[in-house]
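The values are calculated or read from the model by the stated rules, or taken from the named source; none is laboratory data. These numbers were taken from a predicted model, which means no experiment stands behind them. All Cβ positions, even for glycine, are placed from backbone atoms using ideal geometry, and neighbour counts span all protein chains on display. To get the accessible areas, we keep the full protein, side chains included, count just its heavy atoms, and leave off ligands, DNA and RNA. Shrake-Rupley method; radii C 1.70, N 1.55, O 1.52, S 1.80 Å.
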Amino acid sequence: MGEKGSGSILQFAPFQSSVDEGFWHRLSSLKLNKLGIDDSPIPITGFYAPCSYSQVSNYLTVITESLPSDSDEQSSMAVISHGSRNRCSVPGILYNTNTLESFHAIDKLSLLKKEAKKIWEDIHSGEAVDDSRVLSRFLLISFADLKKWSFRYWFAFPALVLDPPATLVDLRPASKWFSLQEAESVSAACNEWRNSRLTADVPFFLVSIAADSQATIRHLKDWEACQGDGQKLLFGFYDPCHLQNNPGWPLRNFLALIFSRWNIKSVRFLCYKENRGYADMGLSLVGKALITVPQGWKENRRVPDAVGWELNNKGRTVSRSIILAKSMDPTMLAVSAADLNLKLMRWRQLPSLNLDMLSSTKCLLLGAGTLGCQVARMLMAWGVRTITLLDSGRVAMSNPLRQSLYTLDDCLNGGDFKATAAVKSLKRIFPAVEAEAVVMAIPMPGHPVPSQEEDSVLDDCRHLHDLIHSHDAIFLLTDTRESRWLPTLLCANTNKIAITAALGFDSFLVIRHGPGPFRFSHDVKAEDANALSADMGNLALINRDEGQRLGCYFCNDVVAPTDSTANRTLDQQCTVTRPGLAPIASSLAVELLVGVLHHPQSIYAAAEFANTSNGGSSEQPLGILPHQIRGSISQFSQMTLVGHSSISCTACCSTVVSEYRKRGVKFLLQAINHPTYLEDVTGLTELKNSANALEVDWDIETDDDEDCVEI
């Protein structure tokens with residue numbers, strides 16, 4: 001709207017309300033535990049902020065913290081911390097009735113006049129100048145049916161009526177009213193005002209612009225200091241409304257204050273709005289309003305009329321209702337609270353974060369010790385809701401201090417199985433998690449089994465195969481090298497996401513396994529009796545480029561995994577590591593999984609490094625996706641490495657996977673019972689024999705610069 005001679009009636013965009021679910025839960029708790037049938041008015045606090053989107057207005061919101069606590073030790077007033085730029089607090093009053101009939105019988109006109117009188121008195125006493133938030137007082141009436149967990153409510157935002165109405169003679173974007181230098185200075189001053197803890201939530205202010213185009217933001221009480229010669233003076237306020245043709249509701253009472261306090265009849269105002277947290281002069285508006293002297297205002301003879309009851313979504317003057325029967329279940333509340341941080345991530349930092357994918361990802365954790373406990377908790381924090389833990393051990397007295405899912409009770413009477421105790425703990429922490437325990441030992445090469453136990457071991461192999469096939473991501477978190485071999489082979493066979501975390505005394509390794517050597521083109525069903533038989537040769541064998549495929553945990557080894565548990569001293573029998581190591585490695589392992597899930601190429605993604613053309617791409621908001629992460633606490637260092645697959649790997653090379661697919665459990669049994677079998681199959685035995693037979697000639701040449709050794 002440009003400059004007009006005659007002008008038009010100034011119309012305001014009404015406030016809109018929003019009630020957070022937690023507000024009703026807190027009100028229910030207050031009603032049940034403290035208030036009883038007491039229906040006395042309750043002071044509450046609402047929050048709003050300047051409009052920050054060109055298409056959406058900001059709401060006045062009441063949240064859990066808007067109400068006082070139901071604890072007897074707490075004050076009856078809600079404890080609100082000030083200084084937040086995103087939460088400008090305003091005082092309100094709640095009338096919660098005991099019956100629905102009482103709710104409908106409330107004298108709404110009388111209540112509105114009562115709150116309007118408080119605003120009028122604050123204007124004339126000077127309270128509104130010292131604390132301008134009182135200009136936006138609000139009123140809420142409600143009825144809580146705690147049997148059905150339904151709530152009926154109605155907001156009012158009392159506004160003093162100017163009679164006759166104010167006239168709008170100019171309203172335009174601030175960028176078109178200010179000069180370029182003035183706009184830049186006003187933006188900088190507003191940003192400074194908003195970033196200060198002392199003024200961020202002060203919603204009404206003065207904008208003075210000196211002759212040199214330099215702007216200053218001041219409190220309302222500094223009005224007299226802004227009366228210098230040549231200064232432009234605007235009355236600014238946080239405008240929650242996104243409309244470009246109407247200023248927001250807070251301006252109504254602000255105009256009443258300006259006229260009554262300083263007898264100003266021509267008011268230049270600034271509707272302050274933001275974009276992504278910074279002042280936006282394109283969205284903000286500058287307008288000019290003319291006020292005709294309302295009868296009786298100068299003498300303060302009577303309180304002006306008031307309006308302000310909120311209309312519903314259809315524009316009708318009726319109350320609203322909400323039913324929370326489903327969400328009142330504690331498990332549902334836990335889900336809502338747990339997802340809050342993840343949803344907030346999507347607002348600005350990670351808009352592409354796929355929470356549905358995370359929640360539907362099924363994770364299998366092999367090992368429920370120090371690493372397994374930490375990984376399980378990190379997965380839940382990322383929104384993963386299906387977790388299976390596999391372990392055959394029991395909780396020992398030494399475990400609870402380092403293994404975060406266990407307590408002393410789990411250690412008594414010989415100790416509970418770790419997998420079972422861990423699942424119980426996860427469900428206590430987050431009841432909505434779908435956690436399952438599997439008590440089973442992983443068959444390992446180099447650990448021969450007697451003939452009478454072969455059937456049991458092969459059943460374990462089949463069970464592990466089925467588990468890996470039914471999950472999306474597998475974590476290898478066991479404490480021996482050989483226990484990782486069979487899961488690595490099974491993951492390579494089916495191209496499942498596999499992540500290994502391994503600990504030393506003060507060092508760690510986290511690695512994501514590359515895909516297997518063949519495409520898994522056949523849907524192997526867990527219930528198929530021949531899943532691990534020679535029939536697996538029917539799977540398509542499409543060889544991959546061994547040189548480009550990322551390696552697995554065993555690709556750098558030149559020896560097959562063997563029994564590492566025999567003939568060990570006490571310190572070798574226990575996983576002796578520095579306590580801070582496991583949480584670091586576990587967190588990195590889970591972050592690596594999240595990165596793989598969000599990468600367009602998933603398990604086939606190449607290794608990425610920081611500060612290279614491969615890493616830090618704008619298309620990957622989670623950052624780079626490395627292959628290996630190796631760290632040392634003693635050096636407080638961490639590095640990312642890459643290792644490609646080995647054609648002689650005992651776990652994932654095409655030779656081993658082919659033999660497994662052709663011979664099934666017979667191949668596994670031979671690998672378990674014969675320590676050198678894997679080396680023979682992969683050619684490592686021949687390689688070592690060739691190396692041992694190699695004659696080495698030493699030819700030492702010395703020069704002035706260095707000593708060189710030639711082989």
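Annotation: extensible slack from Y59 through A610 equals 194.2 nm (criterion: 0.36 nm per residue apart, minus Cα-Cα distance). With the contact rule set at Cα under 8 Å and sequence spacing of 6 or more, what percent relative contact order holds for the stretch 136-253? It rounds to 20 percent for the stretch 136-253.
Ignoring lysines fewer than eight residues from K662 along the same chain, the ones with Cα atoms less than 23 angstrom from its Cα are K496, K525.
Working note: Cα atoms of the stretch 166-258, range along each principal axis, descending, whole Å: 30, 29, 25.
Annotation: Y406 carries an accessible surface of approximately 10 Å², with a 1.4 Å probe and no ligand, DNA or RNA atoms counted. Among the trypsin sites (Lys or Arg not before Pro) within the stretch 126-217, those in coil by DSSP and having at most 12 neighbouring Cβ atoms inside 10 Å are K147, K148, R197.
Sorting V207, V576, V19 on solvent-accessible area from highest to lowest, probe radius 1.4 Å, gives V576, V19, V207. Using alpha carbon coordinates only, what is the Rg to Rh ratio of the stretch 372-488, with Rh defined as the Kirkwood radius? For the stretch 372-488, the value is 0.98.
Among H513, H124, H598, the order of accessible area from largest down is H124, H598, H513, computed with a 1.4 Å probe on protein heavy atoms.
Each residue was assigned an accessible area with a 1.4 Å probe, and for D455 the value is about 110 Å².
For the set V665, V375, V559, solvent exposure ranked by accessible area (probe 1.4 Å, protein chains only) runs largest to smallest as V559, V665, V375. The trypsin sites (Lys or Arg not before Pro) of the stretch 245-324 that DSSP puts in a loop, and whose beta carbon has at most 16 other beta carbons within 10 Å, are K265, R276, K298, R301, R302, K314, R316.
If R0 is 25 Å, the Cβ-Cβ spacing of S360 and L622 corresponds to a FRET efficiency of close to 0.85.
Placing unit charges on each Cβ (+1 for Lys and Arg, -1 for Asp and Glu) gives the stretch 247-322 a dipole about its Cα centre, and among Y278, P250, I291 the Cα reaching farthest toward its positive end belongs to I291. In the assembled protein chains, F554 presents an accessible area of approximately 0 Å² (probe radius 1.4 Å). Can you spot the lysines whose alpha carbon is less than 28 Å from K176's alpha carbon? Ignore those fewer than 8 places along the same chain. List returned: K4, K232, K265, K273, K288.
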